[in-house]
């Protein structure tokens, strides 16, 4: 009988050290994020047998780190729609354009995936109090799942984060600390709080496991045939690293084959450290000064996992692209008018990038392109006009 | 070979007349809403064979009125989670409490179901311009699906409707008319607009077909065993009528058996025409003067389908209950803190009703109770505090 989870151990992608997964652990002593590794040959479930499982991310439980179903903390997250955008795609010159809509998930953004798996696994290894810095949406999600688990959550958030996120953290009983600064300043605050487990992006190993389910779902929804390109708005980068990791695991399982999709990291010209590192051919990014963009979720001047993002792009023949705020808003409105979907600015940044990449020829007219809309436009009411 | 849809004809539940379904049609000439009827014996799909279909409401296409898959207008709606609420249920004294979370759907409310099916079918029979009065969320949904279909939408909405709905209608290119009054005043405005198909609640026959999929999904998610009680916040009443209709169809198909769940219509004490009619034993409601409640979506002083709601309640041994606004908000906050879910006030009204009905003994401790959270709390930011 297969175990509920095939989790084997934790591995450092920088120094190669391995660590016991069944302990409370953050970074590798070398300072790098840790990645969960699985005993994939022990996995006996098949793509066909998945069909009978409920349409949420826990359908992939063998590839997730939670060892007992009793520890699963869920609000029904996952298996979000993968929608064709025929009218808008034609306008962009990309007929086979698809959008994975992560607005249809608890708390309204893809952050719910990392929170569901991260909180579940933290609970399983014995954590009862978490703290984290956030640009808003991750805090909303982690506070919600912590409440569902009966855990305490301390969320540190820049004052400029979306207003709704403050309300979300508070209504579920989370402790909110507003920070007059950026996410790095919030991280500094969190480091000084004793007694809390630091659940910052990539400082614990399991958030990424939740995020990777976006990749698993895209593969399953396309009947295990991969698209040519996946485009992702990149702040901390866990989403794009997670998708890459998930697809590599599927390939090792033999569920998919051939080259992986070219992964595209999209940033704003107001905060584009990874794009700059990519263009310079550097293995890591440098902190971006005076970071500012309407796509607040990707305002991350220096990401802990930048080197993994750059590696994911390089190894899949992908690229990194920066787009202007005004183009982001213009595309957000076009998607809404042409396809009826009110997406978030971070999601709209993808489409500005796709337009650029199509114009340059990097995306071909017959490429199948998947764009991740990372959240519901409902969380960003101020990005669209209020008629009176 | 089964047809994509088993739609047969339209039937008047008041005078019994039948009408051709393949025409543009609103009410029965007798003034009653029309109901879609299906050739159920022709349906060959089985519950087991549903498992392979995508997790959205179109999995039930034989029981939906759209004849061709080419006319399906979808944003990925349906198969929302049915979540156990163990901690909050224990506090309410209802251990087997479940919440169907309609916040995880395009435009963030259950209105997407009616809009997806209503717009698709309207398009199929040749409508290209729709108009409708709304308390907000239905307008957001119909405008979105109309945009997706390439149709024109005119949405008339009270000024007091949630602000986000104005933005949603406008961003997808809908024409918005703000009304200084209640939904009835908006309806009067719509009636005067030439050239538009009037898609008001129950004035066209297909919105209810989308709503009934909530009932189909509950049955499927409980493995075709029905709960004891289903609790629904009731404004226009299409949701509760739809659930009832859907379950009756499933029983006729033989997919479920035994008595239907007791259906509970929940209203606010600030607008409780159906509760009053129920208590008086009347077959129809009387217009409620000075209607006002925080649960704005159920501010409907006189519903066109009130007689059907009362019939659904009576025939399932259900009831109608009114709850106070302060209790609604108190339950909304309790659900959030105890289960991590930020629900809408209309959804919270259910829980205030469940508390009342449990205290009176009408709901028993071992009853399995399903409450419909009709929308995401994200659309009602002002119902929770903004910390600073």
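Structural remarks
Okay, residues lined up against (1) out of contact with any strand residue (DSSP E or B) (no Cβ under 9 Å at 6 or more places or on another chain); (2) within 11 Å of chain A (Cβ to nearest Cβ); (3) at pLDDT 95 or above; (4) buried (at least 17 other Cβ atoms within 10 Å of the Cβ):
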{"position": "B:149", "(1), (2), (3), (4)": "yes, yes, yes, yes"}
{"position": "B:169", "(1), (2), (3), (4)": "no, yes, yes, yes"}
{"position": "B:188", "(1), (2), (3), (4)": "no, no, yes, no"}
{"position": "B:197", "(1), (2), (3), (4)": "no, no, yes, yes"}
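- Positions within segment A:171-186 being touching a strand residue (DSSP E or B) at 6+ places or on another chain (Cβ under 7 Å) and away from every other protein chain (no Cβ under 13 Å), in sequence order: A:181, A:182, A:183, A:185, A:186
- Looking only at residues of segment B:330-351 that are away from chain A (no Cβ under 11 Å) and touching a residue at least 60 places away in the same chain (Cβ under 8 Å), we find that the one that is nearest to residue B:164 (Cα to Cα) is B:344.
- Among the residues of segment A:100-117, just one is in contact with a strand residue (DSSP E or B) (Cβ under 7 Å, 6 or more places away or on another chain), under 24 Å from residue A:226 (Cβ atoms), more than 8 Å from chain B (Cβ to nearest Cβ) and not in a loop (DSSP other than H, G, I, E, B), namely A:100.
- Filtered by the rule that a residue be part of a helix (DSSP H, G or I), under 17 Å from the mean Cα position of the chain (by Cα) and without any contact (Cβ under 8 Å) to a residue 60 or more places away in the chain, segment A:54-77 gives a lone residue, A:58.
- Condition broken by residue A:131, with the remaining ones in (1) away from every other protein chain (no Cβ under 11 Å); (2) more than 20 Å from the chain's Cα centre (by Cα) satisfied: (2)
- Tally of residues being surrounded by 24 or more Cβ atoms within 10 Å (Cβ to Cβ) and either within 10 Å of chain A (Cβ to nearest Cβ) or free of Cβ contacts under 8 Å to residues at least 12 places away in the same chain (or both) across segment B:86-99: 1
- From the list A:53, A:14, the one residue that fits, being surrounded by fewer than 17 Cβ atoms within 10 Å (Cβ to Cβ) and within 12 Å of chain B (Cβ to nearest Cβ), is A:53.
- For the residues A:234, A:201, the requirement of being away from chain B (no Cβ under 14 Å), within 18 Å of residue A:298 (Cα to Cα), buried (at least 24 other Cβ atoms within 10 Å of the Cβ) and out of contact with any strand residue (DSSP E or B) (no Cβ under 6 Å at 6 or more places or on another chain) singles out A:201.
- Members of segment A:315-341 that are under 23 Å from residue A:237 (Cα atoms) and crowded, with 20+ Cβ neighbours inside 10 Å: A:316, A:318, A:319, A:320, A:321, A:322, A:323, A:328, A:331, A:332
- Filter result (farther than 18 Å from residue A:208 by Cβ and part of a loop (DSSP other than H, G, I, E, B)) within segment A:286-301: A:286, A:287, A:288, A:289, A:290, A:291, A:292, A:293, A:294, A:295, A:299, A:301
The values are calculated or read from the model by the stated rules, or taken from the named source; none is laboratory data. Note that the coordinates shown come from a computational prediction; the quantities given were computed from them, not determined experimentally. Quick reminder, even Gly has a Cβ in these numbers, built from the backbone with ideal geometry, and neighbours come from all protein chains shown.
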